[in-house]
Amino acid sequence: MTQSHPRALLGALLAAALVVLTACSSVGGTNSGGYITGDGAVVQYAVDDRSDPVEFAGETLQGEELDLADLRGDVVVVNTWWSGCPPCRTEMPMLVEAEKELAKDGVSFVGINIRDNSPAQGQAFERSFGVDYPSIYAVDGEALLAFSHVTNLRSVPTTIVLDREGRVAALINGAIPGKVTLTDVVEEIAAEEA
């Protein structure tokens, strides 16, 4: 019987970790910057500190055109995700519940799928979680650039709340800490004077 060497074991563990990290960063969408999860911190922007409205349009997973400008007048919750992201899977039930709860208040939800290999893969994820709101399929990274004037969207997931004028009013960097955190932020923005 041979005794394993600690260095060999450490080398094997490091190699396995590298494979996992490489697998998470090999698909386009974040410019091969890697899979980075945020800390769930909530950042809110005062009305006077908000930048220009976000201009972004794309094709949904179902093949329909969607332009964020068409949703002006609503508060819009935008969530970046992909089906292979564990925090995305954890927070999706909360997003689905929040969408149902907030729909009556003039709040729209839009997902942005930034990494799946095909729309069908994203559709399967949505079906498994009962997602009724549309998701733009944007693995080319353009969706992330549309928000770059406000923040660097490197974490997956990230949730952005646009005010009724289409400006970034709040950002949750990483998985939402809980449904109440999201609904409180959205309700506060929805209550602002237009």
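Arranged from highest to lowest average of other beta-carbon atoms within 10 Å per residue, in what order do the peptides 89-95, 54-60 appear?
89-95, 54-60
Using the charge dipole of segment 59-194 (Lys, Arg: +1 at Cβ; Asp, Glu: -1 at Cβ; taken about the Cα centre), state which of I189, P177, A98 has its Cα farthest towards the positive end.
Of the listed residues, the answer is P177.
Along the charge dipole of segment 35-194, which of H149, G122, C85 sits closest to the positive end, that is, farthest toward it, with unit charges on the beta carbon of Lys, Arg, Asp and Glu (+1, +1, -1, -1)?
C85
Starting from the 7 Å offset along Cα-to-Cβ, what nm value, one decimal, do you get for the label separation of S148 and F129?
Modelled inter-label distance: 2.6 nm.
According to the square roots a ≥ b ≥ c of the eigenvalues of the Cα gyration tensor, what is the shape class of segment 59-194, taking rounded for a/c under 1.5, prolate for a/b larger than b/c otherwise, and oblate for the remainder?
Rounded.
Between S118 and T181, what is the spin-label point distance in nm, taking each point 7 Å from the Cα along the Cα→C-beta axis?
Each label point lies 7 Å from its Cα, and together they span 3.5 nm.
What is the extension gain from V47 to E165, computed as 0.36 nm multiplied by their sequence separation minus the C-alpha to C-alpha distance, in nm to one decimal? Before the final figure, lay out each step's value.
Values: separation 118, 0.36 × 118 = 42.48 nm, distance 1.06 nm.
Between V47 and E165, full extension yields an extra 41.4 nm.
Tell me, what is the 1.4 Å probe accessible area of L145, in Å² to the nearest 10?
The accessible area comes out at roughly 120 Å².
With a 1.4 Å probe and all protein chains left in place, how much of the accessible area of segment 69-188 comes from carbon and sulfur atoms, in whole percent? Walk me through the numbers before you get to the answer.
On the way: 2240 of 4450 Å².
Roughly 50 percent of what the probe reaches on segment 69-188 is carbon or sulfur.
To the nearest 10 square angstrom, how much accessible area does D70 have with a 1.4 angstrom probe?
Result for D70: roughly 120 Å² accessible.
The values are calculated or read from the model by the stated rules, or taken from the named source; none is laboratory data. On a predicted model such as this, the values are computed, not experimentally measured, just so you know. Neighbour counts run over all protein chains shown; Cβ positions are idealised from the backbone, glycine included. What goes into the accessible areas is simple: the full protein's heavy atoms, side chains included, and nothing from ligands, DNA or RNA. Shrake-Rupley method; radii C 1.70, N 1.55, O 1.52, S 1.80 Å.
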